[in-house]
1. Can you say whether residue 38 is in contact with an Asp or Glu (Cβ under 9 Å, 6 or more places away or on another chain), among the charged types (D, E, K, R), more than 17 Å from residue 5 (Cβ to Cβ) and surrounded by 11 or more Cβ atoms within 10 Å (Cβ to Cβ), as far as the supplied structure shows?
2. (1) under 20 Å from residue 18 (Cα atoms); (2) buried (at least 16 other Cβ atoms within 10 Å of the Cβ): which one isn't true of residue 52, the others all being true?
3. List every residue pair whose Cβ atoms sit under 8 Å apart, with the two residues 6 or more apart in sequence or on different chains, where the first one lies in the range 26-48 and is farther than 11 Å from residue 71 by Cα and the second, anywhere, is surrounded by 14 or more Cβ atoms within 10 Å (Cβ to Cβ) and among the polar types (S, T, N, Q).
4. Report whether or not residue 46 is open to solvent by 50 Å² or more (accessible area, probe 1.4 Å) and in contact with a strand residue (DSSP E or B) (Cβ under 7 Å, 6 or more places away or on another chain).
5. Going through the range 11-35 one residue at a time, which ones are of a type in the set (Asp, Glu) and either open to solvent by 90 Å² or more (accessible area, probe 1.4 Å) or in contact with a Phe, Trp or Tyr (Cβ under 8 Å, 6 or more places away or on another chain) (or both)?
Amino acid sequence: MYVCSKCGYELFSSRAKYKHSSPWPAFTETIHPDSVSKFVERPGALKVSCGKCGNGLGHEFVNDGPKKGQSRF
């Protein structure tokens, strides 16, 4: 289980983690529908924050997951 470092809210399951060429952990989905909040930063990239406290978490890259149509967090 991966949780927010600021408030401890559940974000991602290790079952959703996969190997990616980036140096950061990559996930295909969140634990809860409200685990993260998102806003469009640029086409294909959403800025992602903790859904509970707003702590910055990085990005969601649309259609860059391990399977066609999946996103990468």
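The values are calculated or read from the model by the stated rules, or taken from the named source; none is laboratory data. What you see is a predicted model, and the numbers here were worked out from it, not measured in a lab. Counting neighbours? That spans all protein chains shown, and the Cβs are built from the backbone with ideal geometry, glycine included. We work out accessible area using only protein heavy atoms, side chains counted, and drop any ligands, DNA or RNA first. Shrake-Rupley method; radii C 1.70, N 1.55, O 1.52, S 1.80 Å.
1. yes
2. Among (1) under 20 Å from residue 18 (Cα atoms); (2) buried (at least 16 other Cβ atoms within 10 Å of the Cβ), residue 52 violates only (1).
3. Hits for this filter: 31/13; 36/30; 36/49; 37/49; 38/49; 48/37.
4. Spelling it out, it is not the case that residue 46 is open to solvent by 50 Å² or more (accessible area, probe 1.4 Å) and in contact with a strand residue (DSSP E or B) (Cβ under 7 Å, 6 or more places away or on another chain).
5. The one that is of a type in the set (Asp, Glu) and either open to solvent by 90 Å² or more (accessible area, probe 1.4 Å) or in contact with a Phe, Trp or Tyr (Cβ under 8 Å, 6 or more places away or on another chain) (or both): 29.
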